[in-house]
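The values are calculated or read from the model by the stated rules, or taken from the named source; none is laboratory data. As the structure is a prediction and not an experimental result, all values here were calculated from the model. Neighbour counts are summed over all protein chains in view; Cβ atoms, including those assigned to glycine, are modelled from backbone coordinates with ideal geometry.
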Amino acid sequence: MSTDPAAAIKHSVVDIKPEKKLTVLESHGYVLGKTIGSGSYATVKVASSSRHNCQVAIKIISKFQAPGDYLKKFLPREIEVVKGLKHENLIRFLQAIETTHRVYIVMEYAENGSLLDVIRKDQHIDEKRGRRWFRQLVEAVEYCHERGVVHRDIKCENLLMDHGLNIKLSDFGFARGHMKPKNGVYALSETFCGSYAYASPEILKGVPYRPQDSDVWSMGVVLYAIVFGRLPFDDTNYTQLLKQVQNKVTFPREPKVSAECRNLITKILAPVKTRVQIPQILSDSWLNPAPTVKDQEVDAQARKKELARTPDDHSSRYKKKEISREVLTLHGVRRRLYMRARPSGPTHGSMLTIC
């Protein structure tokens with residue numbers, strides 16, 4: 001047996017295994033899982049979090065692939081805006097981490113997909129469910145507006161579903177803060193952003209607009225999509241789209257939708273001067289129906305079942321599914337636009353596609 005000290009040292013060095021270097025996310029307590037969404041410069045993954053003791057969603061943004069305007073203007077604004085928002089129907093912001101090559105935005109994970117998924121699965125939503133989800137959306141947007149935040153990109157795929165199938169408004173990439181009125185006067189915006197199919201007439205015409213009014217218009221498009229299972233306007237041709245949004249909205253024969261619901265949609269998808277505001281929407285008769293005896297009996301039975309439910313029942317009640325970031329293409333390809341300066345009217349040549 002060798003007693004050479006050098007050999008002993010050499011042997012001990014070989015036996016030492018270097019410690020695995022933690023990634024940036026692992027050092028913050030996150031372990032990445034499956035991909036649930038992706039775009040041209042960002043990916044969204046599920047992650048387990050030892051810090052928050054739950055699953056979270058992490059948006060991973062490449063600094064090399066993202067447009068400069070997005071990195072310098074929209075992303076910092078998004079982080080600033082979402083940090084100050086806490087509402088049960090908004091996706092909760094948890095943390096932002098920046099490295100040389102990437103930005104990570106850690107958010108609440110909505111495990112039951114999006115409103116778009118539900119519409120595709122069920123073809124259209126019955127008015128009882130639609131009423132509940134639309135009220136949740138309106139209350140979330142009202143909360144934002146009261147705090148001077150406008151979303152500017154409300155659409156079905158940005159409305160996620162949590163474990164209890166509650167609406168969670170997400171993606172504040174085009175949001176803007178500090179928009180409270182001063183002396184009763186609202187600031188106008190000249191940043192034309194969002195999706196064609198959900199864009200208000202004033203955005204499509206390229207004129208300065210009040211973003212609160214445009215958020216309301218987008219909510220009307222969402223309500224139409226909920227109850228009819230399709231979008232109200234054909235966004236495959238800009239010229240035709242501009243004509244459609246300036247005319248009174250029309251409804252298909254099927255599915256059957258109540259006159260009260262159609263009336264509310266008509267009041268929302270109206271010219272900006274006559275368009276209803278959020279307080280009027282929340283007090284509308286369709287959102288506040290008189291309960292029937294049958295409704296009361298069903299609600300009473302549901303409450304009894306809920307009280308009898310065990311904790312394990314709660315956790316397994318809803319089957320998990322991947323979040324869909326797909327686009328509602330019931331009338332064709334969705335287009336998203338952001339314009340640097342106000343033109344006389346949006347044209348394909350003047351838009352910057354960022355997703």
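Given F228, F233, F172, which one is aromatic (F, W, Y) and within 21 Å of E78 (Cβ to Cβ)?
Only one candidate qualifies: F172.
Taking only pairs six or more apart or across chains, which ones have beta-carbon atoms under 6 Å, a first residue in segment 115-128 that is in contact (Cβ under 8 Å) with a residue 12 or more places away in the chain, and a second residue that is charged (D, E, K, R)?
L116/E157
All but one of (1) surrounded by 24 or more Cβ atoms within 10 Å (Cβ to Cβ); (2) modelled with pLDDT under 95 hold for R176; which doesn't?
Failed condition: (1).
Identify the single condition in (1) over 14 Å from Y196 (Cα atoms); (2) out of contact with any Ser or Thr (no Cβ under 6 Å at 6 or more places or on another chain); (3) without any contact (Cβ under 8 Å) to a residue 40 or more places away in the chain that Q244 does not satisfy, given that it satisfies every other one.
All conditions pass for Q244, except number (1).
Restricting attention to segment 145-166, and to residues there that are touching a Phe, Trp or Tyr at 6+ places or on another chain (Cβ under 9 Å), farther than 18 Å from Y198 by Cα and in contact (Cβ under 8 Å) with a residue 60 or more places away in the chain, which single residue is surrounded by the fewest Cβ atoms within 10 Å (Cβ to Cβ)?
G164
Examine segment 264-274 for a residue that is among the hydroxyl-bearing types (S, T, Y), free of Cβ contacts under 8 Å to residues at least 60 places away in the same chain and part of a helix (DSSP H, G or I), and state whether such a residue exists.
Looking through segment 264-274, at least one residue is among the hydroxyl-bearing types (S, T, Y), free of Cβ contacts under 8 Å to residues at least 60 places away in the same chain and part of a helix (DSSP H, G or I).
Which residue out of Q136, Q123 is outside the structural domain of V81 (by TED's automatic domain parsing) and at positive phi?
Of the residues listed, the single one that is outside the structural domain of V81 (by TED's automatic domain parsing) and at positive phi is Q123.
Please go through segment 138-153 and give me each residue that is under 22 Å from N288 (Cβ atoms) and aliphatic (A, V, I, L, M), ordered by number.
V138, A140, V141
State whether one or more residues within segment 59-79 are among the aromatic types (F, W, Y) and crowded, with 19+ Cβ neighbours inside 10 Å.
For segment 59-79, residues among the aromatic types (F, W, Y) and crowded, with 19+ Cβ neighbours inside 10 Å: present.
Can you tell which of G206, G229, G184 is on the phi > 0 side of the Ramachandran plot and touching a Ser or Thr at 6+ places or on another chain (Cβ under 7 Å)?
Exactly one residue qualifies, and that residue is G206.
Testing D299 on (1) modelled with pLDDT of 95 or more; (2) assigned to a helix (DSSP H, G or I); (3) acidic (D, E); (4) out of contact with any His (no Cβ under 6 Å at 6 or more places or on another chain), one condition comes back false. Which one is that?
(1)
For segment 217-268, what are the residues that are surrounded by 19 or more Cβ atoms within 10 Å (Cβ to Cβ) and of a type in the set (G, A, S)?
Residues satisfying the conditions are S218, G220, A225.
Taking the options P279, P289, name whichever one is surrounded by fewer than 16 Cβ atoms within 10 Å (Cβ to Cβ), over 16 Å from A225 (Cα atoms) and at pLDDT 95 or above.
Being surrounded by fewer than 16 Cβ atoms within 10 Å (Cβ to Cβ), over 16 Å from A225 (Cα atoms) and at pLDDT 95 or above holds for just one of P279, P289, which is P279.
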